[in-house]
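Asker: Take a look at this one; I'll ask things after.
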Amino acid sequence: MTQREYILGIDYGAQRVGVAVAHEVARLPRPLQTLKNDGSLMQQLEVLVNQESVARIVVGVPRNMDGSSSEQSSACEAFANELGGRVDVPVQTFDETLSSVEAEAALKRIGKPYSKPDIDAMAASLILERYITEGANA
């Protein structure tokens, strides 16, 4: 069996799901891809968990600026619970407030053309970066 060494970060959305990965030791997140949120999403994520040797998954959950939950927060938490029942690695949630705004700003700074799926994958990478620096050992 392959040793699982990576953390998978997920930016969940109703239409698209951004995915990023970071090595547990090197801790350098990188955008991986953006998946369509359709009937094959869970199966695709199960494949990624095995393909990328994932040890744990972090699902971003947005909060309102006052820290309260929103409809999207509930959708992300429900998704994380469902995913946790489908994979054999721990799934946890982490605050992702404004990650998509920050992702778009980062892509603008690069100066190359980008699309909404690029923003989603970059947001997943930023969620992982925050998790690693702020919450992985909390």
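Asker: What pairs can you find where one residue is in region 81-107 and within 17 Å of P117 (Cβ to Cβ), the other is surrounded by fewer than 18 Cβ atoms within 10 Å (Cβ to Cβ) and at pLDDT below 95, and their Cβ atoms are less than 6 Å apart, with a gap of 6+ or different chains?
Answerer: Matching pairs, first to second residue: L107/Y114.
Asker: Follow-up. Need the failing condition index for E46 against (1) charged (D, E, K, R); (2) exposed (fewer than 14 other Cβ atoms within 10 Å of the Cβ); (3) closer than 14 Å to V17 by Cβ, just the number.
Answerer: That leaves (2) as the condition not met.
Asker: Now, a different point. Give region 114-131 a look and list any residue that's among the small types (G, A, S) and assigned to a helix (DSSP H, G or I), or say none. Outline the logic, then answer.
Answerer: To start, the set of residues in region 114-131 that are among the small types (G, A, S) comprises 115, 121, 123-125.
Answer for region 114-131, where residues must be among the small types (G, A, S) and assigned to a helix (DSSP H, G or I): A121, A123, A124, S125.
The values are calculated or read from the model by the stated rules, or taken from the named source; none is laboratory data. Small disclaimer: the values here were computed from a predicted structure and weren't measured. Quick reminder, even Gly has a Cβ in these numbers, built from the backbone with ideal geometry, and neighbours come from all protein chains shown.
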